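Trainee: Sharing a structure, written as structure tokens. Questions coming.
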Amino acid sequence: MNRRPLTALCCLFLIVSATAGTAHGAPADQFARPDAAGTIDARYTVDRLPDRPDLVRVTARIDRPRQVTTLSVRPPSAATVERATGLDPDGGRWRVTRETETARLVYTVPIGLTTTFGRRTADTADWTLLARQEVSLRARWRWHIGPRPTWNETLALAPGQDGVAGETAAYIGPHETATRTVGGDRITLVVPESADLRPGRAAVLDTVSRAKRASRAGPDHDHVRVFAAPNALASGGYTPSNGGPDVIVNAGEPVRSPVNVWVHEYRHTRQTFATTTEMDWLDEGSAEYHTAALTYRQGAIDAERFRKRVTSDRHSSADLTRPEAWDSPAVPYDKGTRVVAAVDARVRLATDGDRTFEDVLVRLVQRDERVSLDTFAETVSAVAGEDLDSFVRQAVTGPAPSVRVDALTASTRRGSADTAPRATKAAPVASATSAMGTANSNEDARRFGPTPSEGRAVSPGGWIALGLLVVTTLAGRRL
């Protein structure tokens with residue numbers, strides 16, 4: 001056996017292994033012990049400023065894993081930075097210095113989020129109700145080793161503050177809480193002292209608990225927080241992030257109603273599917289339909305009130321795929337509800353009640369892609385076991401379809417959901433080019449699995465495996 005070629009190959013293998021960690025010109029010690037978790041943690045600690053109404057102080061702690069080589073953050077647009085540790089100003093952003101693993105940024109930011117239907121959060125002399133996106137940073141980063149790092153945000157209250165911090169919302173001020181355990185999971189109702197909770201705590205916890213038991217699509221959170229908003233804020237409700245476990249509902253909202261907002265917002269906590277523009281209506285249309293259906297099945301409304309809600313003629317001629325042409329923000333709530341009701345009835349009739357629209361949502365949640373009209377029609381047909389493509393497209397884009405309400409109110413067998421595993425946690429939407437990531441906490445951001453990164457450097461493990469394969473193969477030929 002000639003050992004010289006084998007010896008040369010081994011030397012080459014050792015050189016490649018030693019230099020693999022410095023891909024893209026990064027220092028070798030950057031890759032010595034990469035963080036296996038690959039998570040960039042941002043923790044926002046909120047402090048009230050009673051003498052400065054409408055403002056809170058936020059201390060953001062940013063922990064960078066070792067494989068993240070560059071990281072910059074941008075505070076909310078109206079924020080005023082008071083202090084920075086481990087960060088350098090870079091235009092309108094703050095760049096984490098190269099040697100820093102934990103950075104801190106202290107800033108004040110106004111609170112007062114307003115949506116299409118009114119004001120949802122506020123900071124007053126006595127209390128604060130906020131959504132996480134009002135105080136959160138926007139981040140960009142680059143990395144060189146391993147899978148794409150994720151951006152993980154948490155909320156906390158400053159020491160001495162009386163309140164409750166959830167994942168995507170927080171209340172600070174005098175309050176009481178009530179908790180219900182459902183199947184080992186918790187539902188916590190947060191009632192501010194300044195809120196007049198008209199349905200009563202037991203009624204709210206009852207309706208949300210029953211909705212939780214009846215829902216199968218989307219992640220089933222182990223702890224859901226329901227923040228009762230002071231009555232002075234807008235009526236209705238708000239979910240800061242679809243798929244997140246926190247909801248905000250005006251304390252004056254009733255339970256015995258086909259538009260039971262407590263159930264509607266709970267349904268948003270189960271929505272982790274992402275949609276194209278032509279299917280954006282599905283978020284509200286499906287939540288509103290299931291609100292009426294679940295409230296009816298709870299016995300809180302009668303069949304006639306349910307029928308009127310799901311057969312509404314309001315906005316019946318709207319093309320749901322063209323939101324820019326809608327004449328009202330209520331279009332998805334009205335026509336969208338009717339379309340979902342009609343589809344649910346067709347699925348039930350086609351399967352003799354074995355499957356329902358909930359099964360359609362189960363499959364949409366499982367798909368690793370945005371829901372388009374094509375995928376929606378395809379999924380409905382697959383669940384129904386018959387071709388409903390034309391029916392679905394006409395219902396969504398044309399005049400509102402008729403609804404077989406009898407199929408929705410009849411006593412039917414409960415359908416069984418697919419058993420394929422579903423992701424229960426996901427990163428904010430972020431695009432990546434080469435080895436660069438971004439994270440934005442936009443109000444309407446959908447939550448779904450991160451996209452694979454492109455153009456990554458080959459990891460040291462990959463080089464080692466390749467080297468061993470080459471050495472072993474060539475050595476075998478010489479033996």
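The values are calculated or read from the model by the stated rules, or taken from the named source; none is laboratory data. It should be emphasised that the depicted structure is a prediction, and the values quoted were computed from it without experimental measurement. Cβ coordinates were reconstructed from backbone atoms using ideal geometry, including for glycine residues, and neighbour counts include every protein chain displayed.
Trainee: Of the residues in the range 141-160, how many are crowded, with 18+ Cβ neighbours inside 10 Å and either without any contact (Cβ under 8 Å) to a residue 24 or more places away in the chain or not hydroxyl-bearing (Ser, Thr, Tyr) (or both)? Please lay out each step first, then the result.
Mentor: Here is the first cut: in the range 141-160, the residues crowded, with 18+ Cβ neighbours inside 10 Å are 141-146, 148-151, 153, 155, 157.
Applying the additional criterion that residues be either without any contact (Cβ under 8 Å) to a residue 24 or more places away in the chain or not hydroxyl-bearing (Ser, Thr, Tyr) (or both) yields 141-146, 148-149, 151, 153, 155, 157.
Of the residues in the range 141-160, 12 are crowded, with 18+ Cβ neighbours inside 10 Å and either without any contact (Cβ under 8 Å) to a residue 24 or more places away in the chain or not hydroxyl-bearing (Ser, Thr, Tyr) (or both).
Trainee: Sticking with this structure for a sec: Out of all the residues in the range 224-238, which are crowded, with 24+ Cβ neighbours inside 10 Å and touching a residue at least 60 places away in the same chain (Cβ under 8 Å)?
Mentor: Listed by number, the residues that qualify are Arg225, Phe227, Ala229, Tyr238.
Trainee: Let me ask something additional. In the list Val247, Val259, Val255, which residue meets the criterion of being of a type in the set (Val, Ile, Thr), out of contact with any Cys (no Cβ under 7 Å at 6 or more places or on another chain) and buried (at least 24 other Cβ atoms within 10 Å of the Cβ)? I'd like the intermediate steps shown before the answer.
Mentor: Numbers: Val259 fails: buried (at least 24 other Cβ atoms within 10 Å of the Cβ); Val255 fails: buried (at least 24 other Cβ atoms within 10 Å of the Cβ).
Step by step, each of Val247, Val259, Val255 is checked, and only Val247 is of a type in the set (Val, Ile, Thr), out of contact with any Cys (no Cβ under 7 Å at 6 or more places or on another chain) and buried (at least 24 other Cβ atoms within 10 Å of the Cβ).
Trainee: Is it true that some residue in the range 196-205 is assigned to a loop (DSSP other than H, G, I, E, B), touching a His at 6+ places or on another chain (Cβ under 7 Å) and either closer than 28 Å to Asp359 by Cβ or outside the structural domain of His290 (by TED's automatic domain parsing) (or both)?
Mentor: Within the range 196-205, none of the residues are assigned to a loop (DSSP other than H, G, I, E, B), touching a His at 6+ places or on another chain (Cβ under 7 Å) and either closer than 28 Å to Asp359 by Cβ or outside the structural domain of His290 (by TED's automatic domain parsing) (or both).
Trainee: Answer yes or no: is there a residue in the range 244-262 that is hydroxyl-bearing (Ser, Thr, Tyr) and not in a loop (DSSP other than H, G, I, E, B). Steps first, answer last, please.
Mentor: To start, the set of residues in the range 244-262 that are hydroxyl-bearing (Ser, Thr, Tyr) comprises 257.
With the extra rule that they be not in a loop (DSSP other than H, G, I, E, B), the set shrinks to none.
No - not one qualifying residue is present in the range 244-262.
Trainee: Against the definition (at pLDDT 95 or above, on the phi < 0 side of the Ramachandran plot and surrounded by fewer than 18 Cβ atoms within 10 Å (Cβ to Cβ)), how does Ala169 come out, yes or no? If you could, list the steps in order and put the result at the bottom.
Mentor: On the way: at pLDDT 95 or above: yes; on the phi < 0 side of the Ramachandran plot: yes; surrounded by fewer than 18 Cβ atoms within 10 Å (Cβ to Cβ): no.
Considered against the rule, which asks whether it is at pLDDT 95 or above, on the phi < 0 side of the Ramachandran plot and surrounded by fewer than 18 Cβ atoms within 10 Å (Cβ to Cβ), Ala169 comes out as no.
Trainee: Here's a follow-up. Does any residue of the range 75-89 turn out to be over 23 Å from Ala165 (Cβ atoms), of a type in the set (D, E, K, R) and in contact with a strand residue (DSSP E or B) (Cβ under 6 Å, 6 or more places away or on another chain)?
Mentor: yes
Trainee: May I pose another question? Given (1) in a helix (DSSP H, G or I); (2) within 29 Å of the chain's Cα centre (by Cα); (3) charged (D, E, K, R), identify the lone condition not met by Arg270.
Mentor: (1)
Trainee: For the range 307-333, which positions are part of a helix (DSSP H, G or I) and either modelled with pLDDT under 95 or buried (at least 21 other Cβ atoms within 10 Å of the Cβ) (or both)?
Mentor: Arg309, Val310, Val331, Pro332, Tyr333
Trainee: Could you check how many residues of the range 271-290 are touching a Phe, Trp or Tyr at 6+ places or on another chain (Cβ under 9 Å) and either on the phi > 0 side of the Ramachandran plot or of a type in the set (S, T, N, Q) (or both)?
Mentor: Qualifying residue count for the region: 3.
Trainee: Mind checking which residues of the range 73-107 are buried (at least 19 other Cβ atoms within 10 Å of the Cβ) and of a type in the set (Ser, Thr, Tyr)?
Mentor: Tyr107
Trainee: If you go through the range 208-217 one residue at a time, do you hit one that is surrounded by fewer than 20 Cβ atoms within 10 Å (Cβ to Cβ), out of contact with any helix residue (DSSP H, G or I) (no Cβ under 8 Å at 6 or more places or on another chain) and either outside any strand (DSSP E or B) or not acidic (Asp, Glu) (or both)?
Mentor: Residues of the range 208-217 surrounded by fewer than 20 Cβ atoms within 10 Å (Cβ to Cβ): 209-210, 213-216.
If we keep only those that are out of contact with any helix residue (DSSP H, G or I) (no Cβ under 8 Å at 6 or more places or on another chain) as well, we get 209, 213.
Next, from what is left, pick out any that are either outside any strand (DSSP E or B) or not acidic (Asp, Glu) (or both): 209, 213.
Yes; the residues of the range 208-217 include at least one that is surrounded by fewer than 20 Cβ atoms within 10 Å (Cβ to Cβ), out of contact with any helix residue (DSSP H, G or I) (no Cβ under 8 Å at 6 or more places or on another chain) and either outside any strand (DSSP E or B) or not acidic (Asp, Glu) (or both).
Trainee: I'd like the residue in the range 117-147 that is in a strand (DSSP E or B) and among the charged types (D, E, K, R) and, out of all such residues, is nearest to Ala78 (Cα to Cα). First the steps, then the outcome.
Mentor: Residues of the range 117-147 in a strand (DSSP E or B): 118-119, 122-123, 128-131, 138-143.
Subset that is among the charged types (D, E, K, R): 119, 123, 138, 140, 142.
Working: Arg119: 17, Asp123: 15, Arg138: 13, Arg140: 19, Arg142: 26 Å.
The selected residue is Arg138.
Trainee: Moving to a separate point now. Residues that are assigned to a strand (DSSP E or B), more than 29 Å from Val58 (Cβ to Cβ) and not aliphatic (A, V, I, L, M): does the range 148-160 have at least one?
Mentor: Filtering the range 148-160 down to residues assigned to a strand (DSSP E or B) leaves 150-157.
Those still in the list that are more than 29 Å from Val58 (Cβ to Cβ) too: none.
No, that holds for no residue.
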